[in-house]
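Step one of this worksheet: look at the structure below.
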Amino acid sequence: MGGCNGAGELVNSFALVSYLSGPLLEFLDRLRAELVHECVGKAHLTFLPPRPLVCPPEEACKELRSRLREFQPFRVELSEVEVFQATQVIYLSLKRGRAEASRVHSVLNVGCLHFAEPFPYHPHVTLGRDISPENVPGAVEIAVRRWAEFRGRHDFTVDQLVFVQNTLDNRWIDLAGCELDHSNIRI
């Protein structure tokens, strides 16, 4: 996922993400580029994995904003480097914030945003995907070593979600930001 806002022919594939920020974002973006050289997307936590829409994007965005009113910002703390065995995707698991992320997903995966996802929702931050199976163990070693060396904070606040759309050249374009309600903040 990107946030690159690059040019490209748009396709009917949309997602909802929260970008990381600060030193954690900078570190993870460097690590992601080290593991997958063509990775240009910004590190993020996905709330609605890529899906086609059965309604216009404007209507989906309106529905998102309406449903997100009930959520306050929350903290996410990243934990271990792990691998989804079925897809060989390398990711960082969540130590804190998993229940909140799962709740956001279940509240939003309805109506015109509903999609029968191929895998159960599992909140995480992707480090590497589309790595040849023989290279995954080496990439995991690099990721584990770099993550252990990182001395910055391993947590961030989810306070804005971004509705994104994919392009034919697999570059994600930011369509709209959705702020979480800052009244009654629970961090």
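Here are the numbers for the structure shown:
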item	result
Calculated FRET efficiency for the pair Asp169/Arg67, C-beta based, R₀ 25 Å, to 0.05	0.25
The chain: angle of helix 136-149 to the longest principal axis, Cα-based, in degrees nearest 10	90
Pairwise label distance in nanometres, Ser79 with Glu38, each label 7 Å out on the Cα-Cβ vector	3.3
Estimated translational D of the range 10-179 in µm²/s (Stokes, Kirkwood radius over Cα pairs; 25 °C; 0.890 mPa s)	148
On Cα atoms only, tilt of 57-68 relative to the major axis of the chain in degrees	90
GNM flexibility winner over the chain from Leu161, Leu175, Leu48 (Cα, springs under 10 Å)	Leu175
Backbone N within the range 71-94 under 16 Å of label point (7 Å from Arg153 Cα along the Cβ vector)	73-79
Net charge dipole size for the range 21-71 [Lys, Arg +1 and Asp, Glu -1 on Cβ; Debye, nearest 20]	160
Sorted by Cβ density within 10 Å, fewest first, the residues Tyr19, Tyr121	Tyr121, Tyr19
Cα-projected label distance for Val107 with Glu179, points at 7 Å along beta-carbon direction, nm	1.7
Crossing angle, helix 98-108 versus the chain [Cα axis fit, 0-90 degrees, rounded to tens]	40
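Values in this text are rule-based calculations from the coordinates and carry no lab data. Everything quoted here is computed from the prediction, not taken from an experiment. All Cβ positions, glycine included, derive from the backbone under ideal geometry; neighbour counts span all protein chains shown.
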